[in-house]
Structures are given as C-alpha cells and as structure tokens.
Amino acid sequence: MSSQKPALKNAITQILSCALQPHSDIQRLTEERKKALEMTEDYPFILLEIIKSKEEAYAEKLMAATFLKNYIADSYGAKAFLGLSPNLKQKLSLSLVELLSHDNDVIRQMIVSSLELAVVYEYPNLFGVINNKIMACLLSDVLLQVTGAVQFMKGLGDNHRQFCSENMYFSPEYIEPLLNVLHNENIPVDVRSDTVSCMIQILITCRKTPLFTPTSARLSEVFQKLLSEPYSCSNDFRLRGEIIIEISHAAMSLADQVLELVTSCLPAIGQIMFNCCIEFKEIIMGHKQTPRDANENEPENFNQLIMNILILINNIFVLPNYSSLLTDGLNDFMYLLFILMCAYNNLEDTLFTEDSMDVSPEIDYSLRGRCSHTLLVFMDRCNYGKFCASFHHVLQKHISEANLARANSETYYYRILEALMFGVGLLSFVFEEPQSNFLYYIEHWSSMLVDQQPHWLVLGRLLWLGSKFSTSLAPVTLSNHLNSILANYNSQNNSLRIACLDAMRTHLSNIKVNPNRIVFSNVVTEISECLFSISVFSPSMSVLCLEAMAYFFEFSPESAGRNSQRIMQVVLDSLLAHISNANVMKQVKFLLSKIVVISSCKDIVQNNFIPFTIKLIYKNCPSPLNLKVDVPERGFDLLNTVVKFYPETIDNNVVLQGFLAACSCILDFIDSSLMEVATIFISNILMKASYQIKTLRDMKGKVLAEYVPDVLFKLLEPHPQEAVCPSKFGRLCVISILTLPEHIQPCIEAILKALLSALQRTERRELVKSYCFIFAYMFTWQTESIINFLSGIPGPDGRSALSYFLNKWKVSMLLCEKFEKSIITLAICKMIEYSLSQKDDRINDCQITLEGPYYGECTGLEKLYLCLIKIFLSEVDGDQKYQDTEEGTNDDVLVKNHPVCEINLVEHIKSFIRNYNTHHYYNVVKKYIQKYDDHVAELEKSGIKPDNL
C-alpha cells in the first residue's frame with residue numbers, strides 16, 4: 001500500500017465532508033478532486049476504513065458507502081480501467097463480504113449493491129472467491145451476517161436476473177442452509193421471505209443439471225406445506241405472498257419444468273384466496289378493518305398477498321399445460337374475483353376520480369385493477385361459450401346472495417352490485433357485441449333509474465356501464481340513461497358528477513354509429529346546457545367536457561351555431577386556466593377542428609379566436625398567461641389547428657402576423673420547441689394560403705415568400721438542424737418547392753450545397769432520412785439538373801456527390817407516410833426512366849454498398865430497383881399502416897388531400913416495371929429477392945416476376 005496513505009485518507013475525508021455541503025460550487029470542486037483520487041489504488045480501501053470506523057459520523061460513513069458503490073459501478077464497468085490488480089479486486093470483494101454484517105440497514109444495503117456490481121463485472125473471477133464466505137455467513141449464528149448474506153443473494157438474483165440466467169448463480173447446496181433460515185422463527189420475517197427468491201433463482205440456474213429434479217421436489221414439498229399451514233406470526237401474509245410470487249416467476253421462467261411444483265401448491269393457494277375473500281367480505285360490510293401482519297405499520301401485506309395470487313393466475317393462464325388447472329374451477333375463481341373487486345374501507349370516492357376514468361385495467365395496479373386484468377384474461381383466453389356460461393352463473397349467484405344479505409348489510413349490497421356492473425362493463429374491452437344475456441342485466445339494472453333512488457355509487461357505475469354499451473341499448477333505456485345523467489350532473493357529490501360527465505362523453509363519442517341517434521336529438525338543448533355548466537373546472541374535468549363538446553357539436557351543428565359565443569368562451573376560459581396542460585390543449589384543438597368547419601361558427605373563430613392566438617404568439621396577453629414560457633408555442637399550436645381545418649381564406653392580417661412570427665422564431669433561433677411548431681405552421685400556411693404568401697408584403701415591402709429560402713438555410717445550420725423534428729423540416733422543404741417554385745429556383749444550388757453539408761455533418765438516422773427525402777423530391781422536380789449538379793461536385797468520400805447521396809439513402813428509410821412514400825416512388829421512377837431513356841450511365845456507374853439484409857455491392861440502378869421493389873412489397877403486404885385516426889390525421893390534414901397521395905403505388909410500380917423490365921431489375925430480383933419465396937410469389941402474382949428466373 002502507498003506510503004502516502006495518511007495524506008490520502010485526509011484528502012478523502014475532506015471531500016466526504018465537502019460533498020455534504022449544499023453549495024453547488026463546492027460540490028463541483030469536490031467531484032473534480034474525487035475523480036483524481038479514484039485513480040489511486042488505496043482509494044476504495046480507505047473508503048472501507050471510514051465505513052468501518054467507530055469515530056466517523058453516520059453522514060460521512062453513508063457518503064463513503066455511496067462513493068464506494070459509484071466507484072465500483074464506474075470503474076469495474078469500464079473496459080479500459082486498470083486501477084486495481086486482480087489480487088486487490090479480490091481483497092476488496094472479501095472486505096465487502098465482511099461488511100455485509102454492518103449494523104446500519106442503509107449502509108448495509110449500499111455494501112450489498114457494491115458487492116453485486118463487483119461480482120457481475122468480474123464474473124467468474126470473484127464468484128469463486130466469495131462463494132465460501134457467503135455460505136459461512138449463511139450458516140452463522142450472528143443474525144446480521146445471515147441478514148447480509150441473504151440480502152446479497154436476493155439482490156444478485158433480483159437485480160441481475162439476466163446475468164444469473166446466463167451464468168452460474170449459487171449452487172443447490174445452498175438450498176438447505178436457506179431453508180434453515182426460512183424455518184427459523186427467531187429471524188425477522190422479511191429476511192426469511194427473501195430466502196424464497198434466492199431458492200427459486202437457484203432452481204432456475206440449475207434447470208439443465210441433474211440436481212434440478214430433486215431441488216424442485218424439495219421446494220414443492222416445503223412451499224406446499226407452508227402455504228397449507230394456518231396463519232401465524234411466523235407464517236404470515238408477507239411470507240405467503242413472497243412464496244406465491246416466486247412460484248409465478250418460476251412458472252414463467254421454467255414453464256412445464258415446474259408443473260409439479262405449481263400443481264402441488266395450487267390447491268393451497270386456492271384455499272388462501274378463499275380465506276382472504278371470507279375476510280374481505282367482512283371488510284366490505286364494514287365489520288372489520290384490513291388485517292395486518294404483526295410488525296406491519298400500514299396494512300399492505302394482505303392486499304399484496306391477494307395481488308400476488310392474481311399475478312400467478314394471470315401468468316399461468318397463458319401457459320398451455322397450466323390453463324386447464326384454472327378453467328376447471330372457473331366458476332369459483334370468478335366468484336371470488338367479484339368480491340375482491342368491491343370497494344372497501346371508504347374507497348368509493350377513488351372509483352370515480354378525474355385521473356382514473358380512462359385508466360385501462362391493463363395498467364391499473366390497484367387491487368381492483370389486478371382483479372379486472374385477471375377477468376379480462378379469462379375473457380380473452382377461455383372458450384367463449386364456457387366463459388359466458390360461467391360469467392352468467394357467477395352473476396346470478398352474487399345477485400341472489402346480495403339480495404338476501406341486503407336486510408343485514410345495505411353496504412355489502414351496493415358494493416357488490418357496483419362490482420358486478422363494473423365486471424359486465426369490462427366485457428366492452430374484449431367483445432364488440434355482448435350476448436343478449438348480458439344486455440338483459442343492463443336493461444334490468446337500468447330500471448332502477450326510473451323507479452328507485454340507488455346509492456350514488458351504484459348510480460355512477462350504472463351510468464358508466466350504460467355508456468359502454470350505448471349503441472346496444474334499447475331506445476327507452478338509452479333515454480333513461482341520458483335523462484339520469486342530465487338530472488345528476490350538478491350533484492353535490494363530486495364523484496357522481498365526474499361519473500355523469502364521463503358517461504356523457506362516452507355516449508357522445510359513439511353517437512355517429514348509434515342506431516338510436518334520435519334519442520339524443522330529443523335532448524340537444526339539455527345536453528348543451530349540461531356541458532356548458534361544467535365546462536371549466538379542474539384540468540381533467542375540462543378534458544372530459546371539451547371532448548364531449550367536440551362530439552356533440554359535430555352531431556348537432558345547429559346547437560353550435562346557437563351557442564357559438566358560449567363555445568368560444570369555454571375555449572378561451574379553458575386556455576386561460578390550463579394552457580400548459582397537454583391534455584387540455586389536445587381537446588381544445590379537437591373541439592376547434594369540429595367547430596371551424598361549421599358555417600355559423602366561422603366568423604367568431606376568425607374575429608375572436610384567431611386574434612387571441614396571435615396575442616399568445618407575441619405574448620401580448622393578460623397575466624398570468626404572459627408569464628408562462630410556453631405560451632407562444634401554444635399559440636402556434638392552436639393557430640395551426642385553425643389553419644388546417646378552417647374551410648375559407650384566412651384573413652390577410654392573420655397570415656401576415658402569423659407567418660412573420662413563425663419566420664422570426666426560426667431565424668432568431670429562439671427555442672427548439674417553438675421552432676418546431678413554427679416550422680409546422682409555415683408548412684401549413686404554405687399549403688393553405690400560398691397565394692397570400694406570394695402577394696402579401698411586410699412593413700418594409702418584402703414579399704413574404706422571400707423569407708422562405710432564409711428559413712430553409714437557417715434550419716440546415718448545425719444547431720437548428722438538431723432542434724427541429726427531421727420529418728417536419730423535410731416536409732417544409734418539399735412543400736416550399738411545391739408551392740413557391742419560382743422563389744426557390746434561384747437559390748436551388750445553394751440549397752443543394754447546404755443539404756450536402758448537413759448530410760455530411762450528421763449520422764443521425766432521421767436527419768439523413770429527411771435530407772434524402774428532399775433530394776428525392778428534387779429529382780421529381782428537375783431530374784436532369786439535379787443529376788448534373790450532383791455528378792459535377794465531389795462528395796466527402798472522394799466519389800461524386802451523387803454516389804455519396806445514393807449510399808447514404810438506405811433501403812430501410814423507405815418506411816414513411818403516404819405523402820413522403822409517394823414522392824419517393826415518383827423520384828425513383830423518374831431517375832430510372834431518365835437514365836434508361838437518355839442512356840445516361842452516371843447513376844448506374846455509382847457503386848453502392850447495401851446494408852442488411854441485402855449485404856453486398858450493387859450499381860446505382862440496381863439500388864433504385866431494389867428500393868422500388870421494397871416499396872411495392874410493403875404496400876402489397878400492408879406493412880405500412882397510414883394513420884387514419886382522428887388524432888393521427890390532424891397533423892396531415894392538408895397534405896393528405898394533395899394529388900400525390902391519391903396515387904395507387906402498387907399499380908404505379910407494376911406499370912412502371914412492365915415498361916422498364918430491364919436486366920438491372922432481373923439482377924436485383926435474382927441477387928436479393930429470390931431467396932424469399934413469398935416475395936417472389938407476390939411478384940409472380942402481380943405479373944412482374946422476371947422471365948427465366
């Protein structure tokens with residue numbers, strides 16, 4: 001060891017103290033000094049001394065443990081790290097093993113993590129060194145040594161499972177010592193529970209050895225016995241839950257290899273679930289509180305035990321040889337699921353919250369969410385007839401029991417009824433049309449809306465359920481649901497109010513396909529008043545209301561015309577209150593897209609809303625909006641929506657102010673997010689109002705169109721180049737040439753040179769794809785001129801710029817939207833046609849290096865034919881799914897109507913290849929396509945397979 005050790009220790013102690021200081025400057029200097037000290041071989045050992053020291057304060061020892069963990073993570077993981085010799089690394093690891101018994105839980109966990117990293121990075125060198133030491137700790141009578149050893153084994157298994165699956169974990173000889181810990185009631189239950197994970201990891205890693213079968217049998221015996229024993233302080237919810245979740249992990253990792261283990265434990269697990277449900281019924285009735293383990297502060301382990309059972313059921317149900325174990329008892333499982341889905345402990349208010357109305361059961365990790373997901377798995381995986389019969393049987397059983405229990409517990413009655421309604425509603429996630437039996441339940445329950453006053457929880461869920469099956473309800477039932485929503489939307493109960501609004505939103509979202517639309521027509525005034533009265537509350541309420549308004553006014557434009565002032569006030573109030581909320585913005589734009597096309601609303605949009613967006617862009621708006629940094633970006637976003645959907649000519653002042661503001665944002669490079677929406681706006685305004693852009697002038701007399709080349713050059717500079725989404729810039733450049741060719745033509749050579757420079761500067765795939773798309777359009781515009789230019793200047797690799805471009809343009813970059821793909825297809829055809837008709841070999845003379853899966857060299861024309869075939873096959877196979885949702889089309893609403901998007905690419909390519917079925921095409925099919933039988937079959941089916949192939 002170094003003779004400078006005392007001085008080094010003093011320096012390390014100082015940086016530990018400095019690291020605890022709140023000042024950023026001190027911490028920055030500390031980090032620089034620490035990096036220098038890390039290069040000495042004594043550094044980690046001095047940190048260990050400090051951690052062991054009795055004299056050092058806790059804060060310094062904890063910081064030393066943190067430094068040590070970071071040192072190992074950074075240094076051992078670096079391939080070039082040579083700071084410690086193999087012997088010193090072994091010494092360090094053994095020292096860490098000794099510290100596994102540290103009496104402070106937090107520091108001990110740091111040591112555990114450090115040792116995990118060291119073992120993983122240095123495998124297998126250190127594993128053999130520490131193996132016996134860990135076994136000795138496990139067999140020790142000292143509780144802290146046992147605790148540290150178990151925590152290390154569990155951490156290594158949990159945090160590095162991929163590593164432990166590919167390399168040897170601890171051997172099966174560890175099973176009995178771990179079982180001794182598991183059965184030792186003097187050891188804390190959390191340590192005992194951790195042994196289960198260790199044993200399952202051992203089982204997984206020995207799956208290909210002769211020791212697997214006896215190890216599996218031993219664990220089956222132990223787990224089955226523990227799960228079958230009655231509840232006790234030594235066999236509590238925590239321990240059982242850990243056993244069950246690890247059985248689930250084993251089943252997913254080993255499948256049929258642990259069928260015996262799962263089968264032997266499943267009856268005991270089923271009994272635990274049944275016992276939990278008996279307890280849960282008492283909780284639902286309000287007779288008991290959620291039980292807790294002896295040392296548990298908050299009652300979490302009971303619910304976690306149930307959720308672990310559900311996770312096991314979900315996981316094994318998808319495994320072929322396991323599903324029959326569950327389907328035989330489907331009635332019992334589903335009966336218990338509905339009990340577990342009930343609200344309890346006054347949790348009703350959480351069932352209708354603003355942030356949970358649209359949460360899918362797939363991502364809801366509450367107890368109800370887990371139960372819902374399990375029920376959905378049954379719906380999806382079971383035989384349809386068997387599931388429906390079982391579902392019907394369970395509903396009948398619960399309804400009968402609830403009616404009998406109602407006299408003694410009204411609370412249980414309405415809670416189980418709400419859960420049953422929720423379960424029926426889940427059918428809408430899987431089945432497009434429910435069975436008539438299930439519609440009967442909805443119709444039957446809906447009678448309560450007329451002749452009863454149900455508890456608000458039941459009422460809210462019933463309205464939710466009706467909205468899920470809005471298109472299947474009888475007209476009278478649908479009318480009753482709408483009237484009930486209209487009668488309760490102003491309820492003092494916030495949860496019921498949210499349920500009413502969400503139900504109305506869902507009904508209206510399906511109004512286009514509802515065969516009973518006349519029912520809505522009878523209450524349009526009432527619906528309108530309902531939506532206006534609750535339009536601006538919290539952000540989530542605003543989102544629900546704005547979306548509902550969009551569907552409603554699309555259905556009833558007359559109502560929109562009568563209430564145009566009120567609609568605009570709702571929009572403005574929503575923005576004033578929640579302009580920075582992305583979900584509110586999304587729904588404001590959705591509502592705008594619906595009302596701007598209504599003739600009776602166009603004036604108010606032009607006169608009131610558009611000037612408001614201009615004020616937002618220039619931050620000339622009232623406080624507190626003018627204090628928000630994202631207001632100009634939101635202004636452009638809103639103005640973009642109006643420009644895209646507004647059916648008439650936009651006012652000249654709006655075009656002038658909006659266009660100049662967008663150009664200013666880009667030319668002054670104000671902010672990357674603002675530059676992007678400004679880029680989109682310029683693209684849209686060019687598509688929408690190109691004539692105005694060509695004729696309007698700024699205050700200095702400059703025609704607006706003359707700004708466009710400057711904008712393009714700015715976006716090709718290094719920093720803006722990285723700030724704007726590449727596809728947005730590519731589209732802007734092409735749209736500029738499409739709409740303003742006379743203004744782009746004089747600077748085309750400068751643009752080409754700037755494009756080549758930008759292409760040379762970046763390896764970012766999306767940028768390269770965008771630049772190549774621009775080049776492609778230029779080939780369709782001026783084929784000969786572009787070939788002449790690119791052939792006449794050298795590229796950065798010494799070959800022509802044309803060769804450089806064709807090599808950078810990868811076959812894999814052809815996956816794009818219809819607008820871009822159509823232009824690329826036309827460009828490829830133009831380039832091939834020009835080369836062949838003019839007998840110009842410059843493209844063909846380019847030597848192209850292909851990427852996977854078509855590795856090899858080819859000529860330029862072969863590359864173009866290969867691209868053409870790839871586009872053809874992707875269109876035929878349906879690989880390219882163009883966005884056609886409401887949200888997806890909004891961004892492309894202007895370009896999608898461009899004539900280029902109407903081209904049938906399959907027919908166009910087939911016709912072109914028939915006319916230009918050359919030896920280049922033959923070579924491409926023979927070298928790159930012939931090995932794929934399905935592709936050759938498609939070419940043959942389409943009549944474009946080369947002869948003699």
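The values are calculated or read from the model by the stated rules, or taken from the named source; none is laboratory data. Everything numeric here is computed off the predicted structure, so don't read it as measured data. Every residue, glycine among them, receives a Cβ derived from its backbone with ideal geometry; neighbour counts consider all protein chains shown. Protein only, heavy atoms only, side chains kept; ligands, DNA and RNA dropped before computing areas. Shrake-Rupley method; radii C 1.70, N 1.55, O 1.52, S 1.80 Å.
Here is what passes the span test in the chain: the DSSP H helices with alpha carbon length of 27 Å or more along the helix axis and a Kyte-Doolittle mean of -1.0 or above are 259-285, 384-405, 672-695, 818-837. When region 519-602 is described by a simple charge dipole with +1 on each Lys and Arg Cβ and -1 on each Asp and Glu Cβ, the residue from 564, 585, 528 located farthest towards its positive end is 585.
Among the listed values (1) 25; (2) 36; (3) 29, the one computed from these coordinates for percent of Cα pairs over 58 Å apart is (3). Rounded to the nearest 20 debye, the dipole size of the chain about its Cα centre is 1600 debye, using +1 on the Cβ of Lys and Arg and -1 on the Cβ of Asp and Glu. Apolar share of the accessible surface for region 559-602: 46 percent from carbon plus sulfur atoms, 1.4 Å probe. Taking amide H positions as modeled 1.01 Å from N, with prolines and chain starts lacking one, the residues under 5 Å from residue 800 and 5 or more places away or on another chain are 795. You can think of it this way: the chain between residue 898 and residue 558 has 119.3 nm of extra reach, that is 0.36 nm per residue less the Cα-Cα gap. Applying 1/(1 + (r/R0)^6) with R0 = 45 Å to the Cβ-Cβ distance of residue 532 and residue 279 gives a FRET efficiency near 0.40. Placing +1 on the Cβ of every Lys and Arg and -1 on the Cβ of every Asp and Glu, with nothing else charged, gives region 592-720 a dipole about its Cα centre of roughly 300 debye. Using 0.36 nm per residue and subtracting the Cα-Cα separation, the extra length available between residue 389 and residue 453 on full extension is 19.9 nm. Its residue count N sets the reference 2.2 N^0.38 Å, and the alpha-carbon radius of gyration of region 531-658 equals 0.98 times that reference. Here's the picture: charge each Lys and Arg Cβ at +1 and each Asp and Glu Cβ at -1 in the chain, and of 438, 614, 419 the one pushed furthest to the positive end of that dipole is 614. All Cα-Cα distances of region 437-523, cut into 10 Å bins from zero to the largest, leave 18, 56, 24, 1 percent in each bin in turn. A Förster radius of 60 Å, combined with the Cβ-Cβ distance separating residue 672 from residue 407, puts the computed FRET efficiency at roughly 0.35. Element breakdown for region 141-202 at a 1.4 angstrom probe: carbon and sulfur atoms account for 44% of the accessible area. Computed from label points 7 Å out along Cα-Cβ, the spacing between residue 10 and residue 652 is 8.2 nm. Farthest towards the positive end of the charge dipole of the chain, among the residues 745, 321, 252, is the Cα of 745, using unit charges on the Cβ of Lys, Arg, Asp and Glu.
Based on DSSP H segments of at least four residues, each scored -39500 (n - 2.57), the chain has a per-residue ellipticity at 222 nm of -21500 deg cm²/dmol. Kirkwood radius, region 500-602, all distinct C-alpha pairs, inverse of mean reciprocal distance: 13.5 Å. Ligands, DNA and RNA left out, the accessible area of region 395-477 computed with a 1.4 Å probe is 49% carbon and sulfur. Against the empirical 2.2 N^0.38 Å (N residues), region 211-286 has a Cα radius of gyration ratio of 1.22. At 1.4 Å probe size, with every protein chain present, just tell me what the per residue accessible area of the chain comes to in Å². Averaged over the residues of the chain, the accessible area is 42 Å². Residues whose amide H lies under 5 Å from that of residue 740, counting only those 5 or more places away or on a different chain, are absent; hydrogens are built 1.01 Å from N in the peptide plane.
Using R0 = 30 Å, the C-beta based FRET efficiency linking residue 300 and residue 161 works out to 0.80. For region 96-200, the convex hull drawn through the C-alpha positions has a volume of 88 cubic angstrom per residue. Does region 720-794 classify as rounded, prolate or oblate by the C-alpha gyration tensor (a ≥ b ≥ c root eigenvalues; a/c under 1.5 gives rounded; else a/b over b/c gives prolate, otherwise oblate)? Because a/c hits 1.5 or more and a/b fails to exceed b/c, region 720-794 counts as oblate.
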